[in-house]
Structure formats: structure tokens, C-alpha cells
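Scroll down for the structure; my scribbles are underneath it.
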Amino acid sequence: MGISYYIIPTYDFRQEILSYGDQVKVLKPKSLKNAIASNLESALKAYQ
């Protein structure tokens, strides 16, 4: 079961997604998926 939203992916929305950590997965749009993945990769590098 999933949840679908039709919104404009603003900075605040991206931050909200990131606040859920590994409890959420962005599937679409690809641009938002890539932005979230990039942000998480940068955060991970800070701990290596």
C-alpha cells in the first residue's frame, strides 16, 4: 500500500521527505528521486 500526492516539490517538501530517513522512498518524479538520493549520499559521506 502506498500514498500518492500531486504537488510541486518545493524545498520544504524535500526537507519533509528527508526527515523520514529510510522510512520513505521517492518513486516519481525522477528529478525529485535524484535530488533526494544526492542529498542522502552527501550526508552519508559526512560520516565516512
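No lab work stands behind these numbers, since they all come straight from the coordinates. The model shown is predicted, which means the values in this text are computed figures rather than measured ones. Backbone-built Cβ (ideal geometry, glycine too); neighbour counts: all protein chains shown.
Return the total of residues in the range 26-39 being of a type in the set (A, V, I, L, M), surrounded by fewer than 14 Cβ atoms within 10 Å (Cβ to Cβ) and assigned to a helix (DSSP H, G or I).
Residues that pass the stated criteria total 1.
Which one of L40, L32, L18, L44 is touching a Pro at 6+ places or on another chain (Cβ under 6 Å) and without any contact (Cβ under 8 Å) to a residue 40 or more places away in the chain?
From the options L40, L32, L18, L44, the qualifying one is L32.
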